[in-house]
Structure formats: C-alpha cells, structure tokens
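The structure appears below as structure tokens.
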Amino acid sequence: MRIRLHGTELECLRTARQLARVLDVLDISPPYPDRPPSRLVRIYLTTDQPTDHDSHNTQGD
C-alpha cells in the first residue's frame with residue numbers, strides 16, 4: 001500500500017511512527033513541501049500488512 005500523509009512535518013513524522021506500530025513500513029519518503037505560502041508537507045509511506053497476525057486484529061480479511 002502507498003499512504004500519503006499531509007500536514008506539518010512534525011505531524012506527518014509522528015503519524016508515520018504511529019502507523020509503523022501496526023503496519024510493516026517498507027519505505028518513508030522525504031518530506032515534499034507544498035507550494036508557498038503553505039507550510040505543509042506530504043510524506044509517502046510504502047507499507048505492507050503486518051506479518052504477525054497473532055498480535056493484530058485481522059477481522060474482515
């Protein structure tokens with residue numbers, strides 16, 4: 001999966017860290033700034049479903 005985070009750089013990095021707790025994060029892009037005057041960035045995560053199914057809820061699979 002490819003997930004796009006959009007917000008301040010700090011918000012995006014914190015959220016990426018939290019997502020890494022429940023998903024296998026394969027890659028995190030550098031922050032891409034929006035056009036001025038925006039101070040927001042985009043960060044892209046490449047993820048996979050967790051391989052440890054015992055510790056995660058897999059209902060709906």
ask   = Listing T51, T46, T15 from the residue with the fewest other Cβ atoms within 10 Å to the one with the most, what is the order?
value = T51, T46, T15
query = Working out 0.36 nm times the residue gap between Y32 and I3, then minus their Cα-Cα distance, what length gain in nm do you get to one decimal?
reply = 9.1 nm
Cα centre as origin, Lys/Arg/Asp/Glu Cβ charges: region 2-49 dipole, Debye = 160 debye
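Bear in mind that the values in this text are calculations on the coordinates, not laboratory data. Not measured: the values here are computed from a predicted model. Reconstructed Cβ throughout: ideal geometry from the backbone, glycine too, with neighbour counts over all protein chains shown.
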